[in-house]
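Okay, so here's the structure we're looking at.
The values are calculated or read from the model by the stated rules, or taken from the named source; none is laboratory data. Note that this is a predicted model, so its numbers are computed, not measured. When we count neighbours, we look across all protein chains shown, and the Cβ atoms used for this are built from the backbone with ideal geometry, even at glycine. Please note that ligands, DNA and RNA were not included when accessible areas were found on the heavy atoms of the full protein model with its side chains. Shrake-Rupley method; radii C 1.70, N 1.55, O 1.52, S 1.80 Å.
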Amino acid sequence: MPRENQQSNQKRRTFLKRAGIASTSLALGSGVASAQGKKKGKPEETASASSSISVGPDTPGLSKSEHDDYVARMREKYGDQGVWGSQDDGDLSTEASTPGHMDNLTYVNAWTEHLEATDDGGTVIAESDNQVALYKSDVKDEYDREHYFYWHWTSGQSRDYWDFTGNLWNMWNRVSLGSGYDMLAYDPDQDLTRNGKTYTVGLSAAYRGVGVSIEGDFTLGQDKVRPHPEYTTVGSDGMYAVQWIGDYEGTQAFNGTCEERRPEYAGRDFSWKVYLKAGKYAKV
C-alpha cells in the first residue's frame, strides 16, 4: 500500500489479491460515435488479428531511450490516449514517458506490436497499437523474492471509408507467467463501464518498509474494460489480460497493470499476446 508520507492528493488505487498463492489459483471467470444507425453487419464481414511472443531472459525488447521514443510517437498519434493516458499533460519530452505516478520501480524492457484487422480484399477495418512494459521493484520482500510490475497499453481505432466505417469489437492485452512464478495482483480488477469517465489504473505495495507503485489514466469512450474472464488467474503460472469489448466507431485506448513475484535472481519467463477484432458495420 502507499507509504504514509506520500502526499494526500496523490491518487492511489491498490488491488492486492494475494489469496491462495501457495496452493491454488483463483480463476476469474478520440472516439466519435457509436454504431447507431449504421448498416447491420454479417459474421463474414468481421476480421481479427493477433500476435504473440515468448519472452525469456535474452529476448530483445526496447531500450529505455527506444521506449521513450515509442511513447512520444504514440502520444503524437493518439493524443491523451497514448501509453500513459492524460497524465503527461501533452508533454512529448522523455520525462513524459514514465507514468504520472511511479515510485521505487526501475524500467527493465518493453515490447510493442501493431495489428491490422483486414477484410478478404485486404482493406483495413481497424488497427491497434499495443505495448507491455516491465518494471522491477527497487526492493525485495522479506524472503528476498523479486517483484515486477507490467504496464499494459492498447489503443485501437476504426477506419473510415466512403461505404463503411469500421467498428471496434474486441481488444485484449495478456501476460501469461511461466516457471512457476506468481501472479499477485492486477488492475482493473472489475468491469469499468461509465462512458466518458477517466479511470486511474494502478497497483502499490510495500516491501521492507518501502512503498512501490505504478499508476496511469485512461478515458473510457464507450462500452466496457475488464479483466478478461478466460485469461485472468492469480497464483503460480498466473496470467492477466485487460480487455475492452463493445461496438464502437472511433478510437479507444485502455491500460492495465499486474504484479509478478519471482525467486531471487530468476530470469524472466512469460508470454505476451494481443488481440483485435472488428466489424465493417454494427453488430447484428
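Just to be sure, is residue 114 of a type outside the set (Phe, Trp, Tyr) and over 23 Å from residue 199 (Cβ atoms)? When the stated conditions are applied, residue 114 passes them. Among the residues of region 214-259, the ones that are of a type in the set (Gly, Ala, Ser) and within 11 Å of the chain's Cα centre (by Cα) come to 4 in all.
Got at least one residue in region 129-136 being at pLDDT below 95 and either within 23 Å of residue 260 (Cβ to Cβ) or open to solvent by 20 Å² or more (accessible area, probe 1.4 Å) (or both)? No: zero hits. Name the pairs whose Cβ atoms lie under 8 Å apart, with the first residue in region 58-78 and under 21 Å from residue 251 (Cβ atoms), the second among the acidic types (Asp, Glu) and crowded, with 19+ Cβ neighbours inside 10 Å, and 6 or more positions between them or separate chains? The qualifying pairs are 74/129; 75/88; 77/129; 78/129. Looking at region 251-284, which of the residues that are among the hydrophobic types (A, V, I, L, M, F, W, C) and in a loop (DSSP other than H, G, I, E, B) is nearest to residue 139 (Cα to Cα)? Top of the filtered list is 266. Pairing residues of region 181-197 that are basic (Lys, Arg) with residues that are part of a loop (DSSP other than H, G, I, E, B), at Cβ distances under 8 Å and at least 6 apart in sequence or on separate chains, gives 194/220; 197/220. Has region 203-224 got at least one residue that is of a type in the set (Ser, Thr, Tyr), part of a loop (DSSP other than H, G, I, E, B), on the phi < 0 side of the Ramachandran plot and crowded, with 24+ Cβ neighbours inside 10 Å? No, region 203-224 contains no residue that is of a type in the set (Ser, Thr, Tyr), part of a loop (DSSP other than H, G, I, E, B), on the phi < 0 side of the Ramachandran plot and crowded, with 24+ Cβ neighbours inside 10 Å. Inside region 226-284, residues that are on the phi > 0 side of the Ramachandran plot and either surrounded by 24 or more Cβ atoms within 10 Å (Cβ to Cβ) or polar (S, T, N, Q) (or both) make up a count of 0. Residue 248: part of a loop (DSSP other than H, G, I, E, B) and farther than 19 Å from residue 141 by Cβ, yes or no? In short, no.
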